[in-house]
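These notes concern the structure reproduced below.
The values are calculated or read from the model by the stated rules, or taken from the named source; none is laboratory data. What you are looking at is a predicted structure, and each value in this text was computed from that prediction instead of being measured. Positions of Cβ are generated from backbone atoms using ideal geometry, with glycine treated the same way; all protein chains shown enter the neighbour counts.
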Amino acid sequence: MNNSVFTHTFRFILLVLLQVLLFNNINFLGYINPYIYLMFIALFPVKNNRAIIIFLSFLIGLSVDIFSDTGGIHAAACVFVAYIRPVILKFSFGMIYEHQTIKFNTVEFGEKLTYISILTAIHHFVLFYLEIFSISKITLILQKTLYSSIFTILLIILITIIFSKRTK
């Protein structure tokens, strides 16, 4: 348990620092902004209490908001995604989720891609909708969601492949 807490604390701090120091400075063509901190929410263990993941999601979103001066939109998007995460897990993994036996480094690539893609797309849509906050600019919201989601998904998949432990 102690090792697990240390690992999650280290991942939390590392992802926030990477986000605010490196990835917030990427703004390609005005549409592509990777939000790598979403990896913390996506890879948080399934067996833990749902209230813990919602609280930690709020903290990671708030941390990014504080450093980015974005007024709470990251915290709101993170809390929303953490709240609906069980539905996305059940859709992506099916019976494995029902039995609480998901280990992200042992699941099929397609299931992992589906899960990360849905989680990222929903997070980005909520984030950009709150940022722009105008239904008349839905095209811009969808463009930013699509392009940033693709880039974020590619980065998360690449990072998980590079740093995953090969246990099957």
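Restricting the search to region 49-96, which residues are more than 14 Å from residue 123 (Cα to Cα) and of a type in the set (Phe, Trp, Tyr)?
Within region 49-96, 55, 67, 91, 93 meet the criteria.
From 58, 125, 109, 93, which residue is free of Cβ contacts under 8 Å to residues at least 60 places away in the same chain, in contact with a Cys (Cβ under 7 Å, 6 or more places away or on another chain) and either over 19 Å from residue 36 (Cα atoms) or aromatic (Phe, Trp, Tyr) (or both)?
The conditions single out 58.
Kindly provide the set of residues from region 1-34 that are within 13 Å of residue 155 (Cβ to Cβ) and either at pLDDT 95 or above or part of a helix (DSSP H, G or I) (or both), ordered by number.
If the condition is that a residue be within 13 Å of residue 155 (Cβ to Cβ) and either at pLDDT 95 or above or part of a helix (DSSP H, G or I) (or both), then 15, 18, 19, 23 are the ones that fit.
Of the conditions (1) surrounded by fewer than 19 Cβ atoms within 10 Å (Cβ to Cβ); (2) under 17 Å from the mean Cα position of the chain (by Cα); (3) modelled with pLDDT of 95 or more; (4) not charged (D, E, K, R), residue 138 fails just one. Which one is it?
(2)
State which residue is surrounded by the most Cβ atoms within 10 Å (Cβ to Cβ) when the search covers only region 110-135 and only residues that are among the aromatic types (Phe, Trp, Tyr) and assigned to a helix (DSSP H, G or I).
Filtering region 110-135 for residues that are among the aromatic types (Phe, Trp, Tyr) and assigned to a helix (DSSP H, G or I), the one surrounded by the most Cβ atoms within 10 Å (Cβ to Cβ) comes out as 128.
Checking the condition under 19 Å from residue 159 (Cβ atoms) and either of a type outside the set (Gly, Ala, Ser) or touching a Gly at 6+ places or on another chain (Cβ under 9 Å) (or both), which residue from 90, 137, 103, 47 passes?
Exactly one of 90, 137, 103, 47 is under 19 Å from residue 159 (Cβ atoms) and either of a type outside the set (Gly, Ala, Ser) or touching a Gly at 6+ places or on another chain (Cβ under 9 Å) (or both), namely 103.
Of the conditions (1) outside any helix (DSSP H, G or I); (2) touching a Phe, Trp or Tyr at 6+ places or on another chain (Cβ under 8 Å), residue 103 fails just one. Which one is it?
Condition not satisfied by residue 103: (2).
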